[in-house]
Amino acid sequence: MFMKLFLEEEDLSLHLVLDASESGDCGTPNKFQYMQKAAMALGYVGLVNYNRVGATALGVQERAGEWTTSGIASSIRDLRGRRRTQDLARWICSLEPRGGSSFGEACKRLAMSRRGRGVMIVMSDFFYKEGYEQGLRMLVGRGYDVVALQVLSPQEVEPDIRGDLRLRDVEDADAAEVTISAPLLKRYKQTLAAYCDELRTFCARRDITLLTVRTDLAMDTLLLDYLRTRGVLK
């Protein structure tokens, strides 16, 4: 009797998801630019390791001269090999944050379009009025490991504003008049911390790897320390 042994190399995919809604176009360093840099770095790692790389931008899409909020603004798929680096770079550089995004609808479409096995990295601040829960639930399972990279600006974590202000939501134009005082800033920080804790608990219960970073974190530290420590990069 003979036993034949075979080594099968599994075709793994890397799918990068960037939140290209207008709320990302803020902060110093800019949140959306930070997500672009992270996507380019992660995509390059995938390409040189000959994984299949795809990417999706969440936001509004222009159709027949009008902007629609279907959730997905643009996407690129089936890139493989170092020679496709420029294609990925051109796509990432062409993105501009506009309007809002239906996170739940976008995740539904992403879940339906996935093939095989792989890793999906979702980059966003996860500040959705509709909530992030339904969308993330749709992405879990079906052969994909989901990584949520929450990107916040230093100004969101430590606001440096004072006085009477009229604040306007850049995505849906909702406005509110507030007086920024020390007690209000303290309450804001407590609310932000509670929100991030809820996101962390939600992800932990569903085996989603969550990383919360500020845009002043060096990119090499994000890749070599944070992502490698969590096993996202090897």
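Listed values, structure above:
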read-out: Shape of segment 75-147, Cα gyration tensor, a/c cut at 1.5; value: oblate
read-out: Average accessible area per residue (Å²) across the chain - probe 1.4 Å, nucleic acids and ligands excluded; value: 58
read-out: Cβ-based net charge around LEU223, under 14 Å, with every Lys or Arg adding one and every Asp or Glu removing one; value: +2
read-out: CD proxy at 222 nm, helix term only [per DSSP H run n ≥ 4: -39500 (n - 2.57); per residue of the chain; nearest 500]; value: -9500 deg cm²/dmol
read-out: P(r) weight above 16 Å for segment 132-234, C-alpha pairs, percent; value: 69
read-out: Protein accessible area in segment 106-191, 1.4 Å probe - carbon and sulfur %; value: 51
read-out: About the Cα centre, charge dipole magnitude for the chain (Lys/Arg +1, Asp/Glu -1 at Cβ), debye; value: 940
read-out: Area projected by the alpha carbon convex hull of the chain, averaged over all directions, nm²; value: 16.0
read-out: Residues in segment 167-200 reached by a label modelled at GLU130 [backbone nitrogen below 15 Å; 7 Å Cα→Cβ]; value: 171-172
read-out: Too-long pairs where the Cα-Cα distance tops 24 Å, listed order kept, from LYS108/LYS234; LYS37/LYS234; LYS31/LYS234; value: LYS108/LYS234; LYS31/LYS234
read-out: Whole-number percent relative contact order across the chain, with pairs defined as alpha carbons under 8 Å at least 6 apart; value: 21
read-out: Two-site label geometry, SER181 and ASP220: point separation in nm, points 7 Å out along Cα→Cβ; value: 4.7
read-out: Mean-position separation - Cα centroids, segment 13-39 and segment 145-223, in angstrom; value: 14
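The values are calculated or read from the model by the stated rules, or taken from the named source; none is laboratory data. Remember, it's a predicted structure, so these values are computed and weren't measured experimentally. Quick reminder, even Gly has a Cβ in these numbers, built from the backbone with ideal geometry, and neighbours come from all protein chains shown. Just the protein is used for accessible areas: all its heavy atoms, side chains included, with ligands, DNA and RNA removed. Shrake-Rupley method; radii C 1.70, N 1.55, O 1.52, S 1.80 Å.
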